[in-house]
Structures are given as C-alpha cells and as structure tokens.
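Engineer: The following block contains the structure, expressed as structure tokens.
Laboratory data are not the source of any read-out in this text; all were calculated from the coordinates shown. Just so we're clear, the structure is a prediction, and the values are computed from it rather than from any experiment. Cβ sites come from the backbone with ideal geometry, for glycine too, and all protein chains shown count toward neighbours.
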Amino acid sequence: MPLTLTRRNVLKFVGGSIAGMMVTPLPWKLLDDVAIWTQNGPWIPKVPRGPITTAFSTCALCSAGCGIQARCVNTIPYALSGIRNHPANNGTLCPSGVAGHHLAYHPLRLKSPVQLFRREETIEVQPVSSEEILGKISAAVAISRNAGEGTLALLDQRPGRSVSLFYRNQLAMHGRGVYLVSPTDPILITQCLDEMVGTSFGPVGYNLERVRTVLSFSAPVLDGWGTPVQTSKMLAHRGSSGQKGARVIQIDSRYSRSAQLADQWIPIKPNTEAALAFGLAHVLLREGLYDKALIQSRALDFQTKGKHSYFDLVGRFTPDHTAECTGVSRDVIVATARALAAQGPSLVIGDGDSGGGPLGREAEMAVWGINILLGALGSNGAIVHHRAVPAPKEFSANGLSPVQGVSDIPDHSIGVLLIDASEQGDPLPWSLLERKLIPDQSLVVAFSPTLTGLAQHTHYIIPTPAHLEALTDVPTMLSSATGTFSVSSPLLRRPEGTMDAREIMGKIFEVEGTLEELLKQRTSAIFESRRGRVFKASTGSSVQLTELGSSDELWAELTAGGMWMDDPVRSKPLPEFHFMGRSPAAYERMLDAGEGISSSNEPDAPRKITVLPYGRRAEVGGAQLSPLMTKLYQESGLHRSSKVAVLNPATAKEFNVANGGRGTLVTERGTQEVTIRVDGAVMPGVAEIAVSPEPVGQAGTEIVQEQDILELIVPDQAPTWRAFRATLQKA
C-alpha cells in the first residue's frame, strides 16, 4: 500500500520522534558533553583550587582606612567585607571597597613601562625599558639642579603617607624641588587656617561626637565624606522626632544626595559660597552671637583704625545684599545664623564636592571665620587640635619641602613633573596642571598602575602595584578627632616589572632603602611614643599601645587589619590671628571672593550656561572603580555619566533643547556632545554634569579615551572649576 504523506502524518511522526528521543539518554549525553567542552576550553579562566582561608588588611582607596576581611581560595581573595568593630567602618565597606580586589585586573592595567604618543582622540602606547625612563628623569633632574633650568615638581595625589615624607625630604635636598598636592586635598583646607594664624597651628580634626548642628558648604557630609562609622552616626534617626544625630543643614547649588538626606537644604547660586559665609558672619556680629572674649583678645584685624577690617568686610554683606548675591532669602540667612548660635555646639564644613572641586582659598577662610566666631576652635569644642602621627627623626619639619597647591606656583615654571598617581578619587583637570609646565620642554612621568586619569597626559608611565598588591599606609583623615595610622598589606601577588614609588624615587635620587623599611621605621616611632591604643582585627577589640611588647608586635597587628589611634589631647588655645589672612591685599582678595560672585551674571554673547560638575568620592576616576561597577554608569543609568547634561525645564526651553535630545557644550578648550535630561530640581541657568568613568576602548597599542567634562575647563575662567561657563548648542 503506498504511503500517503499528509500533514497529520508528518506531525505524528515528528512528535513521536521527539518524544522517543526525550526518553533515551542520547540528548542528555550530548548536552553533558557540550557543557564539559564549554567549561574546559582554553579561553575559560581556571578557578583556583585550594583551602578556604581568611586574611585581613586595610583599604587604601581613600583616607578612611576601613578594615578589610578577605575570603580567599588558595590565598587569592574572592570576596571582601568589613571588619566587625573596626573604628573606621565597623563591618561595612563602600561599593568601591567591596570590589577593591578587581582593580588588579583593570582593562588598562600596565605591567611594563610605556611611552605615550597622543594623536587627537587616541593614545598610542609603546613599550620602553624602565632604565631608559629613569635615565631621562635623572638627566633632567641634574639639569634642573645644576643649570637652574626649570623646577623639579612632584604631584602627590595622596599626601600624608610615609612615602610622602620621603618625597618632601628628597625635594628639599634637591634645592629646586617643589612638592605639590591637588587643589581638592584637605591639607590645603588646614593651610587656610595656618595662613590666618600665621604659623603651623598643627593638625586639627572634627569632634563630630560633640556636634549638634552641622552646616555644610557643598561637602558630601552624608554621602561618603567621612568614615562609614561617622556617616552612619550622622544619618542615625534622621528625620525622626527623637533624632539623636547632629542636625545637618546642606548649602548646595545641586539637590545632591547630602541635600536630599539633610534636615534642611539651602539652594545657592554657583560660586557664591564666600558671600553667604560673610552674610552669616554679619548676622552673628550684628546680633552679638559670637565668642566676644576670644575675638577681642585674639583677632588682630577684627576692627582696625584707618584700615580695612574684617568687621568692615562682613558689614557690607547685609542679609538683603547677601540674598541678592546668593539667591538665598534674607529670612533663611538670618534664621540659619541664629540656629548655629542657639543649637550648638555647631560646626561649619567647607571642602566642596569630589567632582566639583574645592571652594577656593578665600571661601574656605570665610568658613573658618564662622567657626571661630562660634567658638568651634575654642569653647565650642567642635574642632579639636591633635598631634601629628610620629615619624622618623630624619623627617623633621625643617627638612621637608613645604606643601603647595598647584595654583601656588608660577605658570610655565616646571621642567620636570613627576606624578604619583595613587588617586584618592578626586579629579584634577589637566588644563590647570598643563599651564605650569615649560611649553615643549618639560618632561612628565607618572607612577601609576593603570593608564587612567592624569597618567594619560604624560610622556612616560612607570607601572606601580595596584590596590592590595603592595604595602602602603593610610594617613589621618580630616574628619578624625585624633591621629590615626594603619597599613594596607598585600592580598594579591605583585606582577613582575612593577616598582613602588619609594623604589622609583630611590633610584632617581640614589637613596637606598625600601618602602617596607620606611613603614617599619614609622611604626617604630609610633611604638616609641608609648601613647594611644591599637585595634586588633583578630579579636575585634582595642588595647593600649603599652600592652604590646615591641614595635614588631605593633607591625604585626597593623599589617593584619589593625589601626593605631592616638590619645586625645587638650586642644591648645587659638593664638592671635587675622580673619582675612596676613597678605597685604587680604581685604581686596576676600572682598573679590564675595562680590565677584556668580559668573552667570556676566554679559556673554552668545548666551552661555553655567556647568556644575559633580561626582562621588572614589568613583570619579577610572583607576579606582572596578570594571564591573562601570555598569552603574554605562548600562543601568543608576549613576549619570559625563555624557548627560541635566537642565531645568525653563533652561531647556531657553536653549531650545528637549528632554532626550542632543546638545553640544563648547569652550575654548573644545566641545562635548551630551544628551539632555530635564529635571525641575535643577537650578535655572545651569547644567549639572557628572564627572564619571567613561568607556575605554583599546585596539592593539592604541587607546581610545572619550573626553571627560573637565577637559573643557579654561583655567583663567574657573581656577577652582566648581562652575565654569560654556556655550550650549542644539545638536
């Protein structure tokens, strides 16, 4: 009988075949084989096998110094968490810290020295020997010393470490050496106080345990500013009727995360912080809400006959005038000043935003002025003096090059620039540094584990160990009421071909020694002080330093996730001081900072917009962010990238751009394409743009790096880059 193929028969045949195959072992065997093949191919990373162990260290990505507990397989860490009861983090870690062991595998990781050649949007990388680079540096250093042609400068992006003392010592002996720090570094904030006092007042910190009211000038006080322990205490009971934490008032041009979490947000026009500080001081003086005994006995420029005085200066900033300058209502200005006096102890914090840059010297001095009026450095007790962490005797203050900000040195004066690119997550626009170099003659070399940040603008890079690959120490952070010291010990194997910064500088200056020896010397100096207490990670408890038998025992505790904390001291009285500093042009300089206010009032043709950069600590630079975390910016959109400009609806209408549309920002430095987002929380006339890690592409020896928003900054126009002007065009 002939077979008749019908649709029904075909379906019955196929269905029966599939059903039959499913009950046989054939398809399951094939799937098993495929699984085995795909899991054992040469392209698959091999998971290490071995015992599961626990190791302890300290996170050195920022100055918080959080304790790390690492779970390891065959000594290789696979998960990081905090150490319970640790004074800095009490068992918690920020996202960057949790992913800290990823940084050794950064896509732009360098494991051998390279020379850089820039061609528009690409960087070509060519291998070169470390001996060749060190030879060029040594020759240029010799010319600087002997012929006086150009300054030798070292930019330390993480000052306060033991290797920082070594840098300063060697630069002082060089004769023409200059030690530089980024304008965002907290050490420059304390230098403003030293300028007012006329001498080194010594390290100071914030006694947050005592404070009842915190007034923040754009500092991210509730968003990773201090240690996790400090932040959690400030956030405790936030918004509840029985609030026990300090009341936080956030002054900010953006509706930042700290502004959202604060008890009160005071919006302010960009670059008018100094004017508002003077306005608050005006109310305190007018209503007698200040420490009269201290001011009358110690302030040398409070009231002076025949000369401009601080009293004259703040007298100009009446509530009405300050309101006109800053956009803050006179009632809010008066109420805020009264609250600081009535709800004390009060603390006023400057510092600025990690991505948005510093407030500027004059604004920081204006902030110190409010703290002095409120007695925060005296009877108030909100700001305390503490001792410096003991150091080896050869690093005495007389043998160290002074700390200077980048803006403190003359333009076109640097012949050799060495950059320690151990970034803390605060960016520095290259344009501010570039103008300090001798054009077409300077040599710029970075010590960096990755080709990111400032290292992309150098001539050569000597690779250094990545995070958790080598020893380093974590200095005291500004918010600490006492001196602290901890050591980050390696959890990962250091690649061959890398050198730590102490080793590099030792070869340049022909000085023997290692970083481990330097850290042990400092540990010995701390032990010999016989003061303070030591947190032991192994037990989660603290003991007095005197209970340890030797400096070797202290070293063992520090390298195992421990921390040394100095004893509190009775703060020394504030000596005689000048509110405006001791410069002959102090009055004019401070007045310009207040009256020279917002650049948004400048007549421009065509109409310009004020760009407000901002960023989160430890996330604004690609060197400190795990490649996995970049998904927060590039895919999920949970964090905005530098390619997104957020405008107020009225501003978007004025510039004829729409939500989701495209625009182009233009300055003398270049252009940047952005996507427009509209948000009613943004201040009119400004564009908020995040300073964020951008996607990086590599093809062979060429690196393609997309331009960061800070590359558009014109130094003469915005030396502190908190708010710079740009033309916005519809794309």
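Engineer: Given all pairs of different Cα atoms, what value in angstroms does the Kirkwood hydrodynamic radius of region 187-290 take?
Structural biologist: Kirkwood radius, region 187-290: 15.4 Å.
Engineer: Next question. Cα centroid distance between region 409-442 and region 500-541, in Å?
Structural biologist: So the separation of the two Cα centres works out to 29 Å.
Engineer: Now, a different point. Given the peptides 388-395, 348-355, arrange them by the average over their residues of other C-beta atoms within 10 Å, most packed first.
Structural biologist: 348-355, 388-395
Engineer: How far, in nm, would the chain grow between VAL569 and ASN398 when pulled straight, counting 0.36 nm per residue and subtracting the alpha carbon separation?
Structural biologist: Value of the extension gain: 59.2 nm.
Engineer: Starting from the Cα of ALA236, move 7 Å in the Cα-to-Cβ direction to define the label point; list residues of region 251-277 whose amide nitrogen is under 18 Å from there.
Structural biologist: 262-263
Engineer: Could you tell me which residue out of ALA376, ASN146, GLN126 lies farthest along the dipole of the chain toward its positive end? Charges go on the beta carbon: Lys and Arg +1, Asp and Glu -1, centred on the Cα centre.
Structural biologist: ALA376
Engineer: Provide the descending list of Cα extents for the chain along its principal axes, expressed in whole angstroms.
Structural biologist: 125, 66, 61
Engineer: Once you sort the root eigenvalues of the Cα gyration tensor of region 319-362 as a ≥ b ≥ c, which label holds: rounded (a/c under 1.5), prolate (a/b larger than b/c) or oblate (the other case)?
Structural biologist: Verdict is oblate for region 319-362.
Engineer: Give me the aspartates and glutamates in straight-line cross-link reach of LYS307: C-alpha distance below 14 Å, same-chain residues under 8 apart excluded.
Structural biologist: Within the straight-line limit of under 14 Å, LYS307 reaches these aspartates and glutamates: GLU588.
Engineer: Pull out the extension gain between SER138 and ARG589, defined as 0.36 nm times the separation in residues minus the alpha carbon to alpha carbon distance; nm, one decimal.
Structural biologist: So the extension gain works out to 158.3 nm.
Engineer: If R₀ is 35 angstrom, what is the calculated FRET efficiency for the pair THR546 and THR53, using the beta carbon separation as r and rounding to 0.05?
Structural biologist: Efficiency, rounded to the nearest 0.05: 0.65.
Engineer: Would you mind computing, in nm to one decimal, how far apart the modelled labels at LEU628 and ALA388 are, each placed 7 Å from Cα along Cα→Cβ?
Structural biologist: Between LEU628 and ALA388, the label points sit 4.1 nm apart.
Engineer: Sort out for me the Cα centre separation of region 651-696 from region 359-374, rounded to whole Å.
Structural biologist: Measuring centre to centre over Cα atoms gives 32 Å.
Engineer: Can you compute the modelled spin-label distance between GLN343 and ALA556, with each label point 7 Å from Cα toward Cβ, in nm?
Structural biologist: Output for this residue pair reads 5.1 nm.
Engineer: Evaluate the distance, in nm, between pseudo-label points positioned 7 Å from the Cα of ASP408 and of ASP194 along their respective Cα→Cβ axes.
Structural biologist: Going from the ASP408 label point to the ASP194 one covers 0.6 nm.
Engineer: So, one more: With no solvent and one point per C-alpha, what does the Debye sum give as log10 I(q)/I(0) for region 52-100 at q = 0.13 Å⁻¹?
Structural biologist: One equal scatterer on each Cα of region 52-100 leads to -0.25.
Engineer: Can you compute the FRET efficiency between GLU576 and ALA731 using 1/(1 + (r/R0)^6), with r the Cβ-Cβ distance and R0 = 35 Å? Round to the nearest 0.05.
Structural biologist: 0.05
Engineer: Next up: Using 0.36 nm per residue, how much length does the chain from ARG212 to ASN656 gain when fully extended, once their Cα-Cα distance is taken away?
Structural biologist: Answer, rounded to one decimal: 155.2 nm.
Engineer: Also, quick follow-up: Taking the alpha-carbon distance from LYS111 and a cut-off under 20 Å, which aspartates and glutamates remain once sequence neighbours fewer than 8 residues away in the same chain are dropped?
Structural biologist: Excluding near neighbours in sequence, the set is GLU124, GLU131, GLU132, ASP420, GLU423, GLU469, GLU496, ASP500, GLU503, GLU702.
Engineer: Let me ask something else about it. So what's the net charge close to GLN521: Lys and Arg +1, Asp and Glu -1, counting the other residues with Cβ under 12 Å from its Cβ?
Structural biologist: -1
Engineer: Rounded to the nearest 0.05, what FRET efficiency is calculated for SER297 and ARG145 with R0 set to 35 Å and r the Cβ-Cβ distance?
Structural biologist: 0.15
Engineer: Continuing with this model, one more query. Under 18 Å from a point placed 7 Å out from the Cα of THR304 along the Cα-to-Cβ direction: which residues of region 566-590 have their backbone N that close?
Structural biologist: Flagged as within label range: 575-590.
Engineer: Please go through the residue pairs LYS136/LYS507; LYS269/LYS730; LYS269/LYS608; LYS643/LYS730; LYS653/LYS730 and name each one whose alpha carbons sit more than 19 Å apart in this structure.
Structural biologist: Correct reply: LYS269/LYS730.
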